[in-house]
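These notes concern the structure reproduced below.
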């Protein structure tokens, strides 16, 4: 590249970056005047006029009637059109696959739950995913991207998951080979808890301004996604923040990953399901899915069953040990608990907090908020959509024509 | 700020960023032509001429005779003057304080070891630090900054360490209040292992291009510094990557931080010293400093003493458990072991690797390098200098006049 090409390329990179900043601003702040956007982003009036004109032409933003401007003058507002483009999100857990359609703000427009997956039905599941997505794409031309959330540790350059404890069939499956060129729109794949933290950041207004955010995924596996100073922690291969495989007891239970005492062995939906079958606390638990068994436990506990309540407290303490590790390893400002096991609700959260209060350095504990996700349970799949929405906001010109 | 001021300010931010990029480039690549710098950084010939002229005026870089250019033409080379400016580094451990003077490339020009610190001699130590630094500053006008490396968890906004297990006297001491305005040059304070990873990145050529690097500090405390995709992981309060307080056994030994089974309780120099006193493997260990006791153990093991060798292997296994956590939590490309306990050398590293081979996901293990630091033992204090050198390269105009 000669220096003239380099500076043209730099110019186009800067234009795209400014477009992205404007979209992120409107996404987070709602209706805003050109003046307030320009002021916050340090852009000239000329630059903001040019950028917004192109975004209006593309239909991604529109003008709204006079809003209160500075010095009490009325000015024109700008607003994002979150319905202008649609996103498909696909969530892969171990035995669960869900496909949802969303607008850019994460509102769910449609949801398909696929039949429970077993090691030997993975090929059928893949065929169904292709068919379902193709039908959605044929019916709705406004779909611009597909996000996929997959269990970690996900090797992002290879396109596959390194270990899926209790369901190794997924291990040989390559998400990028299978899906990246399969559809008319681009596909983005991310580890599920990392997708979850993006969803919290984009779709929960309480977390949108949080620069140090952790999403603690308590599902069929245990995962963690961390935004540190505004950026996702990925690791060299995409396998960082795998809290489910951090040991809480180096002499503890063996795990499919090779380690011992992995947190996942004590408080994942799979581990809880095993415990329910072993103890008989829930009748006919062996005929339930992992998710159904956990729901049944939480339901029975809420109705006052002592054995169920004791087990929920015990699970909550293990969730708490994981929180303590999250504090000392990542020091986030906020930890959000989500997915199947988080539906244990307040009693589970209380037990986890008890452990945190006992074991975390007071200065860190005081400065950190721990809460249950406010996104609806079905919205676990919204994390998959958030992966694609993030790409859309970061690189808008890849998704619609900029004239 | 109106938009004209905003764009002036943006211009000056961009100029400083470009200056910083040029310095970083020359720092990492050695003698380079203007053309190669311009090409790599995407800068125009005019911009590079202007930037380098100012850096030459300031004496931080100089021209060297004709070097091999593109198309076999001779061109003028540019080179950083690492001796043009000096840096003071101060390392605080629990009982150890070291003060070193360095050039910008981390070469040590002077070193002072302060007398062993006890809880009740901290005020004396502080007075000695002031006096020593003031003498160095008076004697050498080329000193432009002071870096300090302190035990974590260091609350960076407050200026103090939250817990210093086995030496709580430091806890009430505020580094920023005490030092930030005490000298004619700026002072930068960083958690010690984070300072250590900066030193590896800046001063060890083998790690300078590594974008996912971990420095595993095995000293009086156990610490960790992680660069993820080129950026330090800090956490909201500066207390992230505190591997020493990540539990390896939730029912294990209690720690001053409130947690149980903290890694630090098993393989820090303090824990090893306790073990040596308890077992009597090293004679008169109770009259030694932590560092002396560890040295004596490693020496005795290298001379073939079986009890000493067994203990080194046991320590190595605990170091290995910490490595396994580092893999699963941070997935770095390289883990460098340093400080007192790393002087256990190859037998200790072998024992740690054995645990890693047993317990880490093969795809991660294969892609990750674990090694002992190549920086000299005394150079532990070079981490403190690296904190200030990093600031110098990132914000050059704060340290010398740009005309």
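Structure summary
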{"item": "Residue match in region A:301-319 (condition: modelled with pLDDT under 95 and within 12 Å of residue A:218 (Cβ to Cβ))", "result": "no"}
{"item": "Single residue of region B:230-246 satisfying the filter (in a loop (DSSP other than H, G, I, E, B) and more than 7 Å from chain A (Cβ to nearest Cβ)) that is surrounded by the fewest Cβ atoms within 10 Å (Cβ to Cβ)", "result": "B:230"}
{"item": "Matching residues, region B:93-116, being without any contact (Cβ under 8 Å) to a residue 40 or more places away in the chain and either surrounded by 21 or more Cβ atoms within 10 Å (Cβ to Cβ) or over 18 Å from residue B:161 (Cβ atoms) (or both)", "result": "B:97, B:103, B:107, B:109, B:110, B:112, B:113, B:115"}
{"item": "Where residue A:395 falls short, out of the listed (1) crowded, with 24+ Cβ neighbours inside 10 Å; (2) away from chain B (no Cβ under 11 Å); (3) closer than 30 Å to residue B:226 by Cα", "result": "(1)"}
{"item": "Hits in region B:134-174 (condition: part of a helix (DSSP H, G or I), in contact with a strand residue (DSSP E or B) (Cβ under 9 Å, 6 or more places away or on another chain) and in contact (Cβ under 8 Å) with a residue 60 or more places away in the chain)", "result": "B:170"}
{"item": "So residue A:100, is it within 18 Å of residue A:200 (Cβ to Cβ) and in a strand (DSSP E or B)", "result": "yes"}
{"item": "Subset of region B:190-199 [farther than 14 Å from residue B:326 by Cβ and more than 13 Å from every other protein chain (Cβ to nearest Cβ)]", "result": "B:190, B:192, B:195, B:198, B:199"}
{"item": "Residue A:42 away from chain B (no Cβ under 14 Å) and more than 20 Å from residue A:397 (Cβ to Cβ)", "result": "no"}
{"item": "Filter result for residue A:334 (at pLDDT 95 or above, within 13 Å of another protein chain (Cβ to nearest Cβ), in contact with a helix residue (DSSP H, G or I) (Cβ under 8 Å, 6 or more places away or on another chain) and surrounded by fewer than 24 Cβ atoms within 10 Å (Cβ to Cβ))", "result": "yes"}
{"item": "Criterion violated by residue B:209 - all others in (1) in a loop (DSSP other than H, G, I, E, B); (2) more than 10 Å from chain A (Cβ to nearest Cβ); (3) modelled with pLDDT under 95; (4) crowded, with 20+ Cβ neighbours inside 10 Å satisfied", "result": "(4)"}
{"item": "Conditions (1) more than 27 Å from residue B:227 (Cβ to Cβ); (2) within 14 Å of another protein chain (Cβ to nearest Cβ); (3) modelled with pLDDT of 95 or more; (4) within 15 Å of the chain's Cα centre (by Cα); number of the one not met by residue A:251", "result": "(4)"}
{"item": "Region A:212-229 - residue that is assigned to a loop (DSSP other than H, G, I, E, B) and at pLDDT 95 or above and, of those, nearest to residue A:262 (Cα to Cα)", "result": "A:212"}
{"item": "Unique match (being part of a strand (DSSP E or B) and within 27 Å of residue A:264 (Cα to Cα)) among A:90, A:117", "result": "A:90"}
{"item": "Region B:257-269, residues that are part of a loop (DSSP other than H, G, I, E, B) and within 25 Å of the chain's Cα centre (by Cα)", "result": "B:257, B:263, B:268"}
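The values are calculated or read from the model by the stated rules, or taken from the named source; none is laboratory data. What you see is a predicted model; the values in this text were computed from it and never measured. Please note: Cβ atoms are built from the backbone with ideal geometry, for glycine as well, and neighbour counts cover all protein chains shown.
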